[in-house]
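A short write-up of the structure that comes next.
The values are calculated or read from the model by the stated rules, or taken from the named source; none is laboratory data. Please read these numbers as outputs of a predicted model, since none were measured by experiment. Note that each Cβ is placed from the backbone with ideal geometry, even for glycine, and that neighbours are counted across all protein chains shown. Remember, those area values only see protein heavy atoms, side chains included, never the ligands or the DNA or RNA. Shrake-Rupley method; radii C 1.70, N 1.55, O 1.52, S 1.80 Å.
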Amino acid sequence: MELARRLSVTGWVLGVVGLLLVVGSVVGAWAGRQRVVVDGESMAPTYAVGEKVVVDESVDGSEIRRGDVVLFSAPEVQGFDALVVKRVIGVGGDRVECCAGTGAGQRLLVDGRPLEEPYVADGIVDGRGPGGANEPYVVQVPEGRLFVLGDRRSNSNDSRFYQGGQGGTVPVAAVRGRVVDGWRAPVALIVLGLVGLVLALAGLVSGRAAREARRRGTVPAPPWPVGPLGV
């Protein structure tokens, strides 16, 4: 019965710890995230009007990279106070230029290199510069700021039109979070969840072994065999 008790205690400990790790990893993965509804067609076809996207609010501004889709509000630049979703084209120190090539082969240049943008609606880059002029533009992105555009360039109020100065760029501090595609958790949280699952399963196995040990312990031992002469 001592073995059964030990197995039972081990099973309970492993099971509880495992479940706590699994729950903690799930909660940690969603902590600091919110779901927002895309308002407008500026990010189509990547995100449709009315689509709900997950925003990771735990992302620090220094972690933002080219190609990220961010949620931000910069009324001093935009001219209005609202949360908007745009794609980061240039970060501090980048030189963004429009455009190289013509027609379907038209490309933005970042530091002199053509930028491949498969997400742009209808393959249109649109050469409208900051302020709305239908002309090429060159913007040197200041440190600590971002040059942002919508994926539907023909219908997007973005850095090309913002009047706040500094090439229509927005401050990194204005970023509220980065849009993530579906459910995505840091590797550490995924590993934590897997460890918790393994421990919970080990606890279940220990519990079954404890019950089996108890069952065997309650079965009476067979009588000592007696020979024909009673010896």
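At a glance:
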quantity	calculated
Solvent exposure, largest accessible area first (probe 1.4 Å, DNA, RNA and ligands not counted), of D68, D39, D151	D39, D68, D151
Most to least accessible of F80, F147 (protein chains only, probe 1.4 Å)	F80, F147
Exposure of L19 as accessible area (Å², to 10), given a probe of 1.4 Å and all protein chains	110
In Å², nearest 10: area of R87 left accessible to a 1.4 Å probe	20
K52, K86, ranked by accessible area, largest first (probe 1.4 Å)	K52, K86
Cleavage-rule hits, GluC sites (Glu not before Pro), the range 30-109, DSSP coil, Cβ neighbours within 10 Å at most 16	E51, E57
Gained length - S62 relative to R215, 0.36 nm times residue gap less alpha-carbon distance	49.0 nm
